[in-house]
Amino acid sequence: MDIKENLIDIKNSLPPEVCLVAVTKTKPVEDIMLAFDTGHRIFGENKVQEMVGKWEVLPKDIEWHMIGHLQRNKVKYLAGFVSLIHGVDSLRLLKEINKQALKNGRVIDCLLQIHIAEEDSKFGLNENELQEIITSTAFKGLKNVRINGLMGMATFTDDNEQIRKEFRLLKTIFDDIKILMPSISVLSMGMSSDYKIAIEEGSTMIRIGSSIFGTRNNNV
Ligand SMILES: *Cc1c(COP(=O)(O)O)cnc(C)c1O
């Protein structure tokens, strides 16, 4: 695996409006530094403890994205430095992020996670729940969180048409919600196996791990 070459090849293949999050979960800081040395600064982790540990030892100009499911009791550990939280799927979590952001004197950028996959194991809101949150008075009072857009994960399948259908659904929801919240601009969808389809369907942010850093031995 040539991490630098993989990263540069993928980046060169992307349309300019698509942002790449290099997903480094389970990978050592040495691997992250190889990517860093190419000039890349946006990295994603799915576990709070692992992200905090890496943030502590790595250069401070890295932008850390939390891409995994976030538990409310762990928000405090990353609130001081996280640059984007992708997987927000409840008002309760958003309130906690707001509270911890306030404590840190920050406004934290978030994406609301939408459930588009067939599997029910994946987290996320449906369109009604999404509408409910963003039209609620409680939400309007949260001054230390900013919703930048939506995030979703397609079903894990070989069926490209299924994947495309799910990404298309997410894009439709994104366009609907943009009428209520014109400031949103980020649509985070697409991983190593499906990012090309995601981009064709309107993704503006892809989260790529194994195609850059190699496969992970544990199944996360
Ligand atoms: C692990 C992970 C990715 C990256 O997966 P790859 O298949 O390795 O590219 C993207 N998004 C989320 C939410 C992840 O947990």
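Bear in mind these aren't lab numbers, they're just calculated from the coordinates by the rules spelled out. As the structure is a computational prediction, the values presented were derived from the model and not from experiment. Every residue, glycine as well, gets a Cβ built from its backbone with ideal geometry; the counts of neighbours run over all protein chains shown.
Out of the stretch 13-30, which residues are in a loop (DSSP other than H, G, I, E, B) and either within 16 Å of the ligand (Cβ to nearest atom) or surrounded by 15 or more Cβ atoms within 10 Å (Cβ to Cβ) (or both)?
Leu14, Val18, Thr24, Lys25, Thr26, Lys27, Pro28
Residue-by-condition table, conditions (1) among the charged types (D, E, K, R); (2) buried (at least 21 other Cβ atoms within 10 Å of the Cβ); (3) under 19 Å from Ile134 (Cβ atoms); (4) more than 12 Å from the ligand (Cβ to nearest atom):
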{"position": "Arg164", "(1), (2), (3), (4)": "yes, no, no, yes"}
{"position": "Phe167", "(1), (2), (3), (4)": "no, yes, no, yes"}
{"position": "Lys178", "(1), (2), (3), (4)": "yes, no, yes, yes"}
{"position": "Met181", "(1), (2), (3), (4)": "no, no, yes, yes"}
{"position": "Asp194", "(1), (2), (3), (4)": "yes, yes, no, no"}
{"position": "Glu201", "(1), (2), (3), (4)": "yes, yes, no, yes"}
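Taking the stretch 144-199, which residues are charged (D, E, K, R) and under 16 Å from the mean Cα position of the chain (by Cα)? Walk me through how you get there before you give the answer.
At the first step, the residues of the stretch 144-199 found to be charged (D, E, K, R) are 146, 158-159, 161, 164-166, 168, 171, 175-176, 178, 194, 196.
Selection gives Arg146, Lys171, Asp194.
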Note to self: Just to verify a result, which residue in the stretch 185-214, among those that are aliphatic (A, V, I, L, M) and assigned to a helix (DSSP H, G or I), is nearest to Asp158 (Cα to Cα)?
What the structure shows: Ile197
